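As structure tokens, the structure follows; a few thoughts come after it.
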Amino acid sequence: MSGEAHSDGKGRTASRGRTILEYVVLAVVAVAVALLIQAFLVKPYRIPSASMEDTLLIGDRVLVDRISWRFSQPERGDIVVFHPPFDGPVLIKRIIGLPGDEISVSGGFVSINGRRLDEPYVRRVDGSQEPSEPFSNGLPWSLQEPYKVPAGSYFVMGDNRTDSGDSREFGPIERGQFVGRAFAKYWPPGRIGAAD
């Protein structure tokens, strides 16, 4: 009969082979795009400790912006992921002191350049803000005495001030140690929202 299409087994096999190859190529491209996004734009992180409670809880997952600081400066109050000045995994804390700031602690409160810092994010217990205390390590940045943040560096602290290893312990963080700024919580579903 004329006009009828006839197919043989070879045509079907070739078509299936092309489809499988297309899926493999698509999967490779998708993985490559995901890796590029994580390397240069946005990277997910899991919160491993209680140092940022109640802003970020253990197990929360956050998205970290890796690109905006190429066009702007980190600001006081930003929550940042950074490589610590010792061997260990990346940490997440809040920027408290900017380059050149004099930071001090008195009466349980942080002051910047002699003015008490308003910190509504600091963990509260029984309705009261937890105190910010100096560390007793005798180092210049322990805040037992006022400390001037060096040029190009930032002073970071956890929101859970009584359970946070931070710049009071290991000193200021240089700009080059920052991975990026945490801007959103995406897991668990009940905690989706801004990371601030």
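The values are calculated or read from the model by the stated rules, or taken from the named source; none is laboratory data. Here the structure is a predicted model, which means the values were calculated and not measured. In this analysis, Cβ positions are derived from the backbone assuming ideal geometry, glycine residues included, and neighbour counts consider all displayed protein chains.
With respect to the conditions (1) more than 23 Å from residue 73 (Cβ to Cβ); (2) of a type in the set (Gly, Ala, Ser); (3) in contact with a helix residue (DSSP H, G or I) (Cβ under 8 Å, 6 or more places away or on another chain), residue 165 lacks only one, and its number is (3).
Screening 51, 111, 72 for residues that are within 26 Å of residue 145 (Cα to Cα) and part of a loop (DSSP other than H, G, I, E, B) leaves exactly one candidate, 51. Of all the residues that make up the stretch 133-187, how many are buried (at least 21 other Cβ atoms within 10 Å of the Cβ), aliphatic (A, V, I, L, M) and assigned to a loop (DSSP other than H, G, I, E, B)? Within the stretch 133-187, residues that are buried (at least 21 other Cβ atoms within 10 Å of the Cβ), aliphatic (A, V, I, L, M) and assigned to a loop (DSSP other than H, G, I, E, B) number 2. Would you confirm whether or not the stretch 79-97 contains a residue that is surrounded by fewer than 14 Cβ atoms within 10 Å (Cβ to Cβ), at pLDDT 95 or above, not in a strand (DSSP E or B) and not aliphatic (A, V, I, L, M)? The answer is no; no qualifying residue exists.
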